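Trainee: What follows is a structure written as structure tokens; I'll ask about it next.
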Amino acid sequence: MDTDLVTRAQHGDEEAFASLAVAVGDRLHAVAHRILRDVDLAEDATQQALLAIWRDLPQLRDPARFDAWSYRLLVRACYTEGRKTRRWTPNMRLLDSDREPIQADGTSVVVDRDQLERGFRTLSIDHRAVVVLHHYLDMPLDRVADTLGIPAGTARSRLHHAMRGLRAALDADARPPAREKAQ
Amino acid sequence: MSTDQETTRIVRSWLEDGVTHLPEGVLGTVLAELPTTPQRRATPWPARRTPTMNKIVGLGLAAAAVVVAVFIGIQLFGSPDGVGAYRTPTATLEPTVAPTPRPSPTASTGPTASPSPTAPPSPSPTAGPSDEAAALVRTFNIGSVVIRVTRPTTWRVTDDTTALGQLERRGPEPYKPTLFVTEVNRLNLTPCGSPVGSSSIGGTAEDLANALASLPGLTAEGPTELVVGGYTAFEVTLVSPAASADCSRWTLWGGENEHWLAPNERNRLWIVDVDGNRVVISAEIFADSPPEAFAEQTEMVESIELFP
């Protein structure tokens, strides 16, 4: 990230901030979408995060840490949006008829994805954020911890529990077809 | 069953799908709001004092804390005639590696084994050299209650989403046997899936044990009354079924210390009444866990010392 741009934006330069927002907007939005699993909510979260970045930018002490700091604000915005979704989307479920048939080798990418979607939605935003930062952005766990402002052990533990949950979701899908095959 | 690598691969691939471009309208809205969104100027003093505290001041405070701790220790334990020698753990105890000569716990006898009644809480084990393998003590604090657990070397201390920490058996991911201590005041009365609401439960250990044993979708054994660390307790064992399309996890309670069962998990819970304080000890074991893990968990529960 161009630290000069960050510094200028810190001092109220709107044009510099516009350049900054263009540079990071796509990335923030992509992360928000993967955490929230909803395009509209992700747009709202990104918008909130960008405004929070503008508002709080003067308080960022080290412009070189802009990336990590902006992700932290984004995750906070995702918490806010995530709370909204709980109120009106209790539990999204895909109907069986929506799934593609299991292939002969017992695998189905589509079904895996449906199961992951379902499993992922059962995770808290805390857990989702760790999964997305680590597995989507390829952040090492110590950087994930630093970004989220949590101890490294907590980040490790959240990832462990989240992956355990996702694995359980995948396993849940794997069982019924196996039984059908045996019959 | 998926392997860890396979799960990681599928998750990573799945995360690649999705939007990658922020709609221009969003950016436009943000930029249009800038003139009416004032920036918060940094304050001249640091938001948090601790990280920028003068090192000399920090060292001075640390030295003062040590002096105070030593003084308190002498007051509590230093009485030459033994009066007042009953050791009360302080709330600042941290996980420690203590070469403590502890009596070896009774071996477990099988899946129905429960911690046997033990004597009332005795004074803390005297620290000192031991010619036995070093025993490792983990301390948990639940409210005012201090819980000390001695773990075998096959177990380690981990951080966990339960901010209280937990013990975990060393071994392959992801289903590691665990043991942790927590407090529970609300239960998710429909545990299948993610928490959709919880209900508070009565205040006694027996209330919680009965509520746990009544949770739908799980096979329950107990509650059985017994003694843990010298205090009355109720043991409940919950066993989750295999995963199905309807359910692949069973959340017992949510919140910061959220706890859920994976498919085919066996979760033993001991709800202990420590002078009116309800403490929950949880031991999780999975279908593919090594058989000795169960006995080790039992031994750890038998090793528990409770200090209200």
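Trainee: Give me the strands (runs of 3 or more DSSP E) completely within the stretch B:207-263, filtered to those with at least 1 residues that are more than 14 Å from chain A (Cβ to nearest Cβ) and β-branched (V, I, T), ordered by residue number.
Mentor: Passing ranges, in order: B:219-228, B:231-239.
Trainee: Could you check B:I281 against (1) over 15 Å from the mean Cα position of the chain (by Cα); (2) modelled with pLDDT of 85 or more and say which number it fails?
Mentor: All conditions are met except number (1).
Trainee: Follow-up. Given the conditions (1) at pLDDT below 90; (2) more than 10 Å from every other protein chain (Cβ to nearest Cβ), and given that A:M139 satisfies all but one, which numbered condition is not satisfied?
Mentor: Going through the list (1) at pLDDT below 90; (2) more than 10 Å from every other protein chain (Cβ to nearest Cβ), A:M139 breaks only (1).
Trainee: Here's something else I'd like to know. Only one residue in A:A49, A:A9 is crowded, with 19+ Cβ neighbours inside 10 Å and under 15 Å from the mean Cα position of the chain (by Cα). Which one?
Mentor: Sole residue among the options that is crowded, with 19+ Cβ neighbours inside 10 Å and under 15 Å from the mean Cα position of the chain (by Cα): A:A49.
Trainee: Can you tell me which residue within the stretch A:12-46, out of those that are within 9 Å of chain B (Cβ to nearest Cβ), farther than 30 Å from A:L116 by Cα and loosely packed, with under 15 Cβ neighbours inside 10 Å, is farthest from the chain's Cα centre (by Cα)?
Mentor: The extreme case among them is A:E14.
Trainee: I'm trying to understand the selection: among the residues of the stretch B:5-25, which are over 19 Å from A:L137 (Cα atoms) and either at the interface with another protein chain (Cβ under 7 Å from one of its Cβ atoms) or in contact (Cβ under 8 Å) with a residue 60 or more places away in the chain (or both)?
Mentor: Matches in the stretch B:5-25: B:P23 only.
Trainee: Residues of the stretch B:278-304 being touching a Ser or Thr at 6+ places or on another chain (Cβ under 6 Å) and among the β-branched types (V, I, T), which ones?
Mentor: B:V280, B:T298
Trainee: Then there is this: For the stretch B:197-224, give me each residue that is surrounded by fewer than 22 Cβ atoms within 10 Å (Cβ to Cβ) and either among the aromatic types (F, W, Y) or farther than 29 Å from B:D288 by Cα (or both).
Mentor: Answer for the stretch B:197-224, where residues must be surrounded by fewer than 22 Cβ atoms within 10 Å (Cβ to Cβ) and either among the aromatic types (F, W, Y) or farther than 29 Å from B:D288 by Cα (or both): B:G197, B:S198, B:S199, B:S200, B:I201, B:G202, B:G203, B:T204, B:E206, B:D207.
Trainee: Of the residues B:V301, B:V280, only one is assigned to a strand (DSSP E or B) and more than 16 Å from A:R164 (Cα to Cα); which?
Mentor: B:V280
Trainee: Exactly one condition in (1) out of contact with any His (no Cβ under 8 Å at 6 or more places or on another chain); (2) more than 8 Å from chain B (Cβ to nearest Cβ); (3) modelled with pLDDT of 90 or more is not met by A:L159; state its number.
Mentor: (1)
The values are calculated or read from the model by the stated rules, or taken from the named source; none is laboratory data. On a predicted model such as this, the values are computed, not experimentally measured, just so you know. Cβ: placed from backbone, ideal geometry, glycine included. Neighbour counts: every protein chain shown.
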